[in-house]
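The values are calculated or read from the model by the stated rules, or taken from the named source; none is laboratory data. Model, not experiment: these values are computed from the prediction. Cβ atoms come from the backbone with ideal geometry, glycine included; neighbour counts cover every protein chain shown. Ligands, DNA and RNA are excluded from the accessible area calculation, which covers all protein heavy atoms including side chains. Shrake-Rupley method; radii C 1.70, N 1.55, O 1.52, S 1.80 Å.
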Amino acid sequence: MPEPIFVETTHQPWQPLEPFPGSQILPLAEPVPHGSIHKLRMAAGTRIPLHHHPADEYVYVLSGTVQTGDRTCGAGVFWFTPAHGKNGPHLALTDVELLTIRLGAMGEFDSL
């Protein structure tokens, strides 16, 4: 019988998320091929441009305030973007930490 897998995130190294200076990613799991469950940190002022994912994506704001599109989201806000939907742009108004579940490949960015 398979055993649970535990990730002690306080001891895991964060990785820079290229090409977005001021952002770091902490991968947690790959729930489906090319999918991702990860934590994302964005320093205040970091911007991730408008993009589209070919799969559903779920985001929960753990701390801080981020503007996504025309919506300002603080800690405790959860949003869902369906596959091929417009995602972002995201602007960290403060230092932000997000939990993201993406059920497929990363997708394309409109501009970098």
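For region 1-102, how big is Rg over Rh, using alpha carbon atoms and the Kirkwood form of Rh?
Numbers: Rg = 13.7 Å, Rh = 14.1 Å.
Looking at region 1-102, the ratio lands at 0.97.
With the simple spin-label model, which puts each label point 7 Å out from Cα in the Cβ direction, the Thr94 to His34 separation comes to 3.7 nm.
What the chain shows is 60 Å² of accessible area per residue, with the surface traced by a 1.4 Å probe over protein heavy atoms.
If I compute solvent accessible area with a 1.4 Å probe over the protein chains, what percent of it on the chain is carbon and sulfur? It would help to have the intermediate numbers written out before the result.
Working: 3890 of 6730 Å².
Using a 1.4 Å probe with all protein chains present, the chain comes out at 58 percent carbon and sulfur.
Each listed q (0.22 Å⁻¹) maps to a log10 I(q)/I(0) for region 48-112 from the Debye sum over equal C-alpha point scatterers, namely -0.90.
If you take the charge dipole of the chain about its Cα centre, with +1 on Lys and Arg Cβ and -1 on Asp and Glu Cβ, which of Gly74, His53, Leu40 is farthest toward its positive end? Comparing the listed Cα positions along the dipole, Gly74 ranks first.
Efficiency by 1/(1 + (r/R0)^6): what FRET value for Asp70 and Ala105, r their Cβ-Cβ distance, R0 = 35 Å, to the nearest 0.05? Intermediate results must be reported in sequence, preceding the final value.
On the way: r = 26 Å, r/R0 = 0.75.
Calculated value: 0.85.
The GluC sites (Glu not before Pro) found in region 8-112 that occupy coil by DSSP, while having at most 13 further C-beta atoms within 10 Å, are Glu8.
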